[in-house]
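Comments concern the structure below.
The values are calculated or read from the model by the stated rules, or taken from the named source; none is laboratory data. Computed from a prediction, not measured in an experiment: that's the story for all the values here. For neighbour counting, all protein chains shown are included, and Cβ atoms are generated from backbone atoms with ideal geometry for every residue, glycine included. Protein only, heavy atoms only, side chains kept; ligands, DNA and RNA dropped before computing areas. Shrake-Rupley method; radii C 1.70, N 1.55, O 1.52, S 1.80 Å.
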Amino acid sequence: MKKEVGKWFMDIAKYVATAVLISSFLGSFEHKWAVYIVGTIIVAVGFSLGLYFIKDKK
């Protein structure tokens, strides 16, 4: 069960990274730096949680 939750968090991180990249190329935001900072934080947290839940405790 924990591995599935970890995979889910990693998938969310990938989707957010993709959304930030695509929106930065196609959108014209006034504050692009805010989109990059928030996107990076969400990706880092999602990826970290994903790795935490996936790791084996042996």
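The figures follow:
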quantity: Accessible surface, per residue, of the chain when the full set of protein chains is kept, probe 1.4 Å, Å²; calculated: 80 Å²
quantity: Positive-end residue, the chain charge dipole about Cα centroid, Cβ charges, pick of Thr18, Gly50, Ile37; calculated: Gly50
quantity: Only Lys, Arg (+1) and Asp, Glu (-1) charged, at Cβ; the chain dipole about Cα centre in debye; calculated: 380 debye
quantity: Hydrodynamic radius of the chain per Kirkwood, over alpha carbon pairs, in Å; calculated: 12.1 Å
quantity: Carbon plus sulfur fraction of accessible area for the chain, probe 1.4 Å, in percent; calculated: 72 percent
quantity: Lysine pairs within the chain, Cα separation less than 26 Å, 8 or more sequence positions apart or different chains; calculated: 14
